[in-house]
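Accompanying notes for the structure given below.
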Amino acid sequence: MNFIENLNWPAILVALTAVLVISRVNHFMSGLKAVNHLVGPRVPFAPLSVPGVLVPTTWWNPGLFYIWHWRNHFYKTWGSENVAFVPWLSGRPTLMVTNLDVARQVTLGAHRSSWEKPVDQSQALLMFGMNLVAAEGEQWRKHRRIAGPAFTNELYQMAWQETYNLYNEMIEEEGLSAKDAFEAPVVQNLTFKLALSVIGNCGFGFNFRWAEPPFSPDGTLSIQEAMRTVSEWHALDVFCPKWVTKLPVPQFKKYRAACDKLMDFMRAQVVERREIINGGSQLKGDVFTMLVKANEDEEEKLQLDDEELIGNVFVMLLAGHETTAHTLAATLGFLAIHDEIQEDVHEEVMSVFGRRDPVTSLFLVFNDFTKLEKVVSVFYEALRLFPAGFVLIRRATEDTVLQVPNPVGQEGTTSVPIQKGTDAIVDMIGIQNNTRYFDEPEKFKPQRWYGISNESESFSAFSVGPRACIGRKFATLEAVCFIACLMRDWKVEPLLNSGETKEEWKKRVVDAKMVLTLGVKDVPLRFVRRK
Ligand code: HEM
């Protein structure tokens with residue numbers, strides 16, 4: 001007791017404070033050195049770290065939403081396309097990249113690359129097994145070798161046909177065939193249902209129909225509902241420790257039950273598919289079957305195990321569902337407030353397939369996909385303004401040097417040494433708003449994509465380089481088919497609140513919401529039948 005009382009507490013406090021200050025100054029100075037003193041904000045916490053995200057976006061802390069809210073002025077203020085956040089309290093120095101050449105260097109993913117996806121960021125994607133999105137280096141090559149062949153023309157045709165069928169079912173099941181107009185107070189309710197069913201059918205080989213009930217006849221969750229629940233609540237596993245998801249909260253219980261149901265189901269499906277393949281029966285072209293087939297055809301040492309196969313199918317569900325659904329909602333929102341563009345798109349659709357018999361035209365239309373340039377362009381432009389995959393996170397695995405292009409108007413590049421352990425966030429919103437690539441980037445101008453090939457990397461919202469999105473064509477075909485069907489039959493208008501103008505609707509609705517992916521806020525629309 002005496003000993004504690006005799007301690008000189010003020011002196012101890014001063015000493016501890018001094019140690020803390022010295023260690024934080026050290027931390028800050030080494031952070032500055034790690035990024036070669038690149039310009040950018042000096043902040044208490046690293047952006048996208050837990051404390052950085054929990055504290056709201058303010059002038060001294062970027063928070064989660066700075067990427068969206070500061071998109072038009074942030075890089076201009078610093079006078080650079082790439083800036084460095086250097087934290088003085090906690091977290092790693094972090095480069096924010098909006099130059100595509102630099103983005104290519106950090107996302108290359110080659111086995112000799114000095115950058116990789118940080119394991120702590122990929123953990124949540126591993127719950128069903130290692131997969132293409134989370135894998136790195138040699139392991140990534142192995143996954144891509146198996147997953148690549150699954151994206152065949154047959155799959156794309158299936159995506160087109162499923163979208164077309166589901167559109168028609170939507171019209172019937174929602175009772176729209178007899179209506180001259182209908183309202184969709186949240187159009188995402190339609191686009192999410194569509195995207196989940198398309199990926200369920202084409203990714204997993206299911207037969208999800210628009211009218212599917214949420215429960216099986218035995219009262220357990222249906223597979224469709226299990227998939228919907230897992231993709232809707234997956235953020236729990238990303239943001240919360242495991243024990244939180246085990247709390248007796250009804251929604252959490254449903255989420256765990258859905259995960260278990262999906263896992264059991266997928267294990268059984270791998271076995272069933274292997275039997276079909278080895279039995280020589282006719283194969284369906286869904287991603288799951290094609291993955292198992294490619295795996296069976298591969299040399300043993302290059303094969304994926306069952307968990308990895310399941311991990312890949314699961315990641316397709318996550319990567320390919322929300323992203324497409326968000327972008328479709330944004331596209332329809334933009335069309336609703338751009339009458340002239342909508343009329344152009346309608347005319348194009350009518351000229352390509354509007355007057356053909358809708359059933360027999362199905363495959364003609366699939367082949368005509370490239371003729372629907374205006375439909376593709378509105379989808380791309382909406383995706384440019386709301387890039388669903390809004391950050392690509394990488395970490396330097398060794399000291400390295402980035403070749404950074406000099407400002408517009410100056411030839412050449414500058415070498416910027418970067419130290420091991422530095423994070424790089426490819427800011428996809430920043431890239432899409434970078435005036436080096438786009439004039440008037442804040443404007444919805446689909447014509448900037450006219451004449452540009454569907455595979456062109458000048459459209460970068462699916463990322464660039466070898467690790468760019470494997471589902472780009474799949475998502476584009478699905479979206480183009482759905483938009484074309486809607487534009488053929490309906491005129492889309494903003495669903496206004498009483499007394500609200502279009503401009504006020506735009507301010508209220510055309511804004512972002514962010515969780516794992518970026519989307520537009522709930523989009524209220526009115527569809528009026530075209531005569
Ligand atoms: C509008 C829709 C979509 C957008 C905006 C989008 C965006 C992206 C982006 C930006 C990446 C790069 C991620 C990174 O490097 O960290 C990516 C990768 C990926 N996407 Fe998509 N995606 C979409 C649809 C799809 C679909 C439909 C599928 C599957 C059917 C899919 C499967 C994947 C996979 C497996 C990867 C990882 C590729 C690799 O690392 O080799 N995506 N996507």
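The values are calculated or read from the model by the stated rules, or taken from the named source; none is laboratory data. As the structure is a computational prediction, the values presented were derived from the model and not from experiment. Don't worry about glycine lacking a Cβ; one is built from the backbone with ideal geometry, like all the others, and counts go over all protein chains shown. For accessibility, only protein heavy atoms count, side chains too; no ligands or nucleic acids. Shrake-Rupley method; radii C 1.70, N 1.55, O 1.52, S 1.80 Å.
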In Å, the Kirkwood estimate of hydrodynamic radius for region 115-192 over Cα pairs equals 16.4 Å
Looking at region 247-318, which GluC sites (Glu not before Pro) are in a loop (DSSP not H, G, I, E or B) and have at most 12 other Cβ atoms within 10 Å?
Glu299
Calculated P(r) tail over 27 Å for region 47-203, as whole % of Cα pairs
54 percent
Given Lys261/Lys301; Lys443/Lys502; Lys117/Lys420; Lys246/Lys513; Lys284/Lys473; Lys445/Lys491, which pairs have Cα atoms separated by over 22 Å?
Lys261/Lys301; Lys246/Lys513
Rounded to the nearest whole number, the per residue volume of the convex hull around the C-alpha atoms of region 204-352 in Å³ is 198 Å³
Add +1 for every Lys or Arg and -1 for every Asp or Glu among the other residues with Cβ under 12 Å from the Cβ of Asp260, and state the total.
+4
How much area per residue is accessible in the chain when the probe is 1.4 Å and only protein heavy atoms are counted (Å²)?
45 Å²
I need the calculated FRET efficiency for the pair Lys502 and Ile276, taking r as the beta carbon distance and R₀ as 41 Å, to the nearest 0.05.
0.15
Using a 1.4 Å probe over the heavy atoms of the protein chains, calculate the carbon and sulfur portion of the accessible area of region 90-194 as a whole percent.
47 percent
Helix-only mean residue ellipticity at 222 nm, the chain, DSSP H runs n ≥ 4 weighted -39,500 (n - 2.57), per residue, nearest 500. What is it?
-15000 deg cm²/dmol
C-alpha long axis of helix 373-385 to longest principal axis of the chain, angle in °:
20 degrees
Ignoring ligands, DNA and RNA, what percent of the accessible area of region 219-334 is carbon or sulfur (1.4 Å)?
57 percent
At 1.4 Å probe size, with the rest of the protein present, what percent of the exposed accessible area of region 397-531 is carbon and sulfur atoms?
52 percent
Which angle between 0 and 90 degrees, to the nearest 10, do you get for helix 137-147 versus the longest principal axis of the chain when only C-alpha atoms count?
10 degrees
Hey, how much of the P(r) for the chain falls beyond 35 Å, as a percent of Cα pairs?
41 percent
Nearest-20 debye value, the chain charge dipole, Cβ charges on Lys, Arg, Asp, Glu:
1040 debye
On a 0 to 90 degree scale, rounded to 10, what angle separates helix 9-34 from the longest Cα axis of the chain?
50 degrees
If you take every DSSP beta bridge fully contained in the chain, what fraction is antiparallel? Give it as a percent rounded to 5.
80 percent
